[in-house]
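Beneath this line is the structure, given in structure tokens, with notes to follow.
The values are calculated or read from the model by the stated rules, or taken from the named source; none is laboratory data. Owing to the predicted nature of the structure, the values given are computational and were not obtained by experimental measurement. All Cβ positions, glycine included, derive from the backbone under ideal geometry; neighbour counts span all protein chains shown.
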Amino acid sequence: MRGLQSLAAAGRHRLAHRRGRCAGDHLQPDRREPDAQPNSLRRGRAGLHGGCRRDLRPAARTHPAAGGRRLPRAWPGGAVCAEHEGGAPAADGGAAARPELPPHDRPGGRQPAARHAGSAPPPAAGRMTDFSIVICTRNRAQDLAATLRSLTRLQIPEGRSGEVVVVDNGSTDRTAEVIAEAQDFLPFPLVAATEPERGTGAGRNRGLGLARGEIIAWTDDDCRPARSWLREILAAFEADEQLDLLGGRIELLDRRHLPLTIKTSRRVEVMDDHTYPGAILMNCNMALRRRLVGQIGGFDARFGAGSAMRAGEDADFVLRAHRAGCRVVYFPQIVVFHNHKRTTAAQGDALKRNYHFSDGALLSKFSLGGDRPAARWFYWRLSRLLGELLRARGSLRDVWRQAGFLGSFLAGSLRFLGSPVLDRHLRGGAGKG
């Protein structure tokens, strides 16, 4: 225990569940709420930390559905796509009022890129486009088909060109057929490839290597973007040249599903040193400028669903971007609907254990790199989980449930500490891998 406590200064962790906030208990509460977090976490500034990234392989692999080639389709001259019946509901039924963007919270603008940024992925061959929509998938053929269909309903600003990039992370179902069929109805060219390395971190890196867009937007194979999703993303970047990375609102597609992996805040949020990275945006509704990848690198492939660390490739990327002085903003008018299909307490707890596991690994990674806010977050999370276990009342099942959350957090930390990169951290190479 002393070894873990040495990672951080004193603090305590308190998570709040409030209507209109992220429901997953791995997310940070709004620090504007009076009881959201201790004052100790509101002091001090973080040092720069580049985090970890891997060199990205060029887009040379073939996809069984596409033969590794781009699947061209006539671009519809920038006209707004017709409104199709069915699919996810529109977010607001029309153009949403764009909230006033808060001013920069860091005097002096950008900071230098962190020392462990690594090399940027090579740009895809061919003429650049205005945007790329990237989707990673694995064995969700039916969900993927619905997601690709929902893209035909997007409102496309006049004169903008783009593409859809689909990365198959080792599917064994009908995913290849679904991707091949999509070229017949998508209003964009389709780029397809496989990524044999398991995990969404590796899949997203492959997507970055394939994408030709100046703006790269991400959604998941179980999400349905609102009609205004793409239009609002492009408008946000056009309105603020200093904006590097953004996220948006995530609503449940089916109200019978558990309120997990969503973010329903209606306020614009700008990331600062006190914001837990998983609290401001998630990878199923995220977009970035291409230049950001050149500055901080790609995703850490050790993190993400299906990887050794189970989740968290988005939180790692967000935290590295912020530590490098990049501007990260959440916009509530950028909306997707999440169809995660979890309806039972057992399914919800399994997901939370994975998030606790990845949080333990992520906070250990940045703490070892000398990131003081991450060290405080580590102690806060550990204290909170231990307190919840000690306060567990009622059945033995409740005790085991809380013990599972605490154990997952510690296991994630130990898994990262026991990984081959530990000696690199100790030799001053933290963040590489």
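Being over 22 Å from the mean Cα position of the chain (by Cα), at pLDDT 95 or above, surrounded by fewer than 23 Cβ atoms within 10 Å (Cβ to Cβ) and closer than 29 Å to Ala217 by Cα is a condition met by no residue of the stretch 396-408. Determine, yes or no, whether Arg249 is out of contact with any Gly (no Cβ under 6 Å at 6 or more places or on another chain) and assigned to a loop (DSSP other than H, G, I, E, B). Criteria not met by Arg249. If Pro196 satisfies all but one of (1) over 14 Å from Val134 (Cα atoms); (2) in a helix (DSSP H, G or I), what's the number of the condition it fails? Just one mismatch for Pro196, condition (2). Out of contact with any Lys or Arg (no Cβ under 7 Å at 6 or more places or on another chain), within 16 Å of Arg206 (Cα to Cα) and modelled with pLDDT of 95 or more - does that describe any residue in the stretch 332-340? Within the stretch 332-340 (the criterion being out of contact with any Lys or Arg (no Cβ under 7 Å at 6 or more places or on another chain), within 16 Å of Arg206 (Cα to Cα) and modelled with pLDDT of 95 or more), the answer is no, since none of the residues qualifies.
With the condition kept exactly as written, say whether any residue in the stretch 349-357 is within 30 Å of Ala236 (Cα to Cα), among the hydrophobic types (A, V, I, L, M, F, W, C) and crowded, with 24+ Cβ neighbours inside 10 Å. No, that holds for no residue. With respect to being touching a strand residue (DSSP E or B) at 6+ places or on another chain (Cβ under 6 Å) and of a type outside the set (Phe, Trp, Tyr), Arg289 fits the description. With the structure loaded, tell me whether Gly325 is crowded, with 21+ Cβ neighbours inside 10 Å and either under 15 Å from the mean Cα position of the chain (by Cα) or more than 19 Å from Ala217 (Cβ to Cβ) (or both) or whether it fails that test. For Gly325, the condition - crowded, with 21+ Cβ neighbours inside 10 Å and either under 15 Å from the mean Cα position of the chain (by Cα) or more than 19 Å from Ala217 (Cβ to Cβ) (or both) - is not met. State whether the residues of the stretch 218-240 include one that is in a strand (DSSP E or B), modelled with pLDDT of 95 or more, more than 14 Å from the chain's Cα centre (by Cα) and surrounded by 22 or more Cβ atoms within 10 Å (Cβ to Cβ). Taking every residue of the stretch 218-240 in turn, at least one turns out to be in a strand (DSSP E or B), modelled with pLDDT of 95 or more, more than 14 Å from the chain's Cα centre (by Cα) and surrounded by 22 or more Cβ atoms within 10 Å (Cβ to Cβ). Within the set Ser358, Ser307, the sole residue that is of a type in the set (Ser, Thr, Tyr), more than 19 Å from Ile216 (Cβ to Cβ) and not assigned by TED's automatic domain parsing to the domain that holds Ile233 turns out to be Ser358. Suppose we filter the stretch 352-386 for residues that are over 21 Å from the mean Cα position of the chain (by Cα) and not hydroxyl-bearing (Ser, Thr, Tyr); how many remain? Count: 11.
Per-residue answers, yes or no, for (1) aromatic (Phe, Trp, Tyr); (2) closer than 16 Å to Tyr276 by Cα; (3) free of Cβ contacts under 8 Å to residues at least 24 places away in the same chain:
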residue	(1), (2), (3)
Tyr355	yes, yes, no
Asp359	no, yes, no
Leu368	no, no, no
Ala375	no, yes, no
Tyr379	yes, yes, no
Ala392	no, no, yes
Leu396	no, no, yes
Ala403	no, no, yes
Ser413	no, no, no
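Right, Leu319: in contact with a Pro (Cβ under 6 Å, 6 or more places away or on another chain), in a helix (DSSP H, G or I), modelled with pLDDT of 95 or more and assigned by TED's automatic domain parsing to the domain that holds Leu154 or not? Spelling it out, Leu319 is indeed in contact with a Pro (Cβ under 6 Å, 6 or more places away or on another chain), in a helix (DSSP H, G or I), modelled with pLDDT of 95 or more and assigned by TED's automatic domain parsing to the domain that holds Leu154.
Tell me whether the stretch 273-285 contains one or more residues that are at pLDDT 95 or above, of a type in the set (Asp, Glu), farther than 21 Å from Arg204 by Cα and surrounded by fewer than 21 Cβ atoms within 10 Å (Cβ to Cβ). The answer is no, given that none of the residues of the stretch 273-285 is at pLDDT 95 or above, of a type in the set (Asp, Glu), farther than 21 Å from Arg204 by Cα and surrounded by fewer than 21 Cβ atoms within 10 Å (Cβ to Cβ). Filtering Arg206, Arg212, Arg249 for residues that are assigned by TED's automatic domain parsing to the domain that holds Thr129, under 13 Å from the mean Cα position of the chain (by Cα), more than 19 Å from His322 (Cα to Cα) and surrounded by 20 or more Cβ atoms within 10 Å (Cβ to Cβ) leaves a single hit, Arg249.
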